[in-house]
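A short reminder: the numbers here are calculations on the coordinates, not readings from a lab. In this text, all values refer to a predicted model and were calculated from it rather than measured experimentally. Glycine also receives a Cβ, built like all others from the backbone with ideal geometry; neighbour counts cover every protein chain displayed.
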Amino acid sequence: MELLCPEMENQLDKLLEVGRHWHISRSSEFVFEVRSDDSVMVDLEKWYCSCCQWQIKGFPCSHAVATIMHNDGNPCDYIEDNSVIIHF
């Protein structure tokens, strides 16, 4: 079992709330289009979002979190820095 540290859990909750009403459509097995104010591309296999925040921070951006949840995934599986995850 794994949990995020409280600060990162709070950040993840905020990201989930931001993207909960966005329209997400699958372009291929791992690539999705997220339509919010703008349209962005998320590639779950490459851990890439065209907004570039995921690559910069090493923590999924709101577009990536919305896509991961839409794809029935776990956002913790897409966090680069394991120091924010508490393992049990």
* Structure fact -> Expressed in nanometres to one decimal, the distance between label points 7 Å along Cα→Cβ at E80 and D13 is 2.6 nm
* Using the Cα centre as the reference, give the magnitude of the dipole from point charges on the C-beta atoms of the chain (Lys, Arg: +1; Asp, Glu: -1; all else neutral), rounded to the nearest 20 debye. => 200 debye
* Considering the options T67, I24, Y78, tell which one lies farthest towards the positive end of the dipole of the chain, charges being +1 on Lys and Arg and -1 on Asp and Glu at the Cβ, about the Cα centre. => I24
* Can you sort F59, F30 by how many other beta carbons sit within 10 Å, fewest first? -> F30, F59
* To do: For the stretch 46-60, just list the computed ³J(HN,Hα) in residue order, Karplus coefficients 6.51, -1.76 and 1.60, θ = phi - 60°, integers in Hz, with x standing in for Gly and Pro.
  => 9, 6, 10, 10, 5, 6, 6, 5, 4, 5, 6, 8, x, 10, x
* Structure fact -> Expected unfolding gain across Y48-R35 under the 0.36 nm per residue rule, minus the alpha-carbon gap, is 3.1 nm
* Asked: Which one of V34, M8, I56 has its Cα pushed farthest toward the positive end of the charge dipole of the chain, where Lys and Arg give +1 and Asp and Glu give -1 at the Cβ?
  -> V34
* Structure fact -> Dividing the helical contributions, -39500 (n - 2.57) per DSSP H run of n ≥ 4, by the residues of the chain yields a 222 nm value, nearest 500 deg cm²/dmol, of -9000 deg cm²/dmol
* Structure fact -> With a ≥ b ≥ c from the Cα gyration tensor eigenvalues, square-rooted, and the rule rounded for a/c under 1.5, otherwise prolate when a/b > b/c and oblate otherwise, the stretch 1-50 is oblate
* Shape of the stretch 2-87 from its Cα gyration tensor (a ≥ b ≥ c, root eigenvalues): rounded if a/c is under 1.5, otherwise prolate when a/b > b/c, or oblate? -> prolate
* Asked: In what sequence, highest mean first, do 61-68, 48-55, 33-40 appear when ranked by Cβ atoms within 10 angstrom?
  -> 61-68, 48-55, 33-40
* To do: Measure nothing fancy, just the Cα-based angle from helix 6-19's long axis to the longest principal axis of the chain, in degrees from 0 to 90, nearest 10.
  => 20 degrees
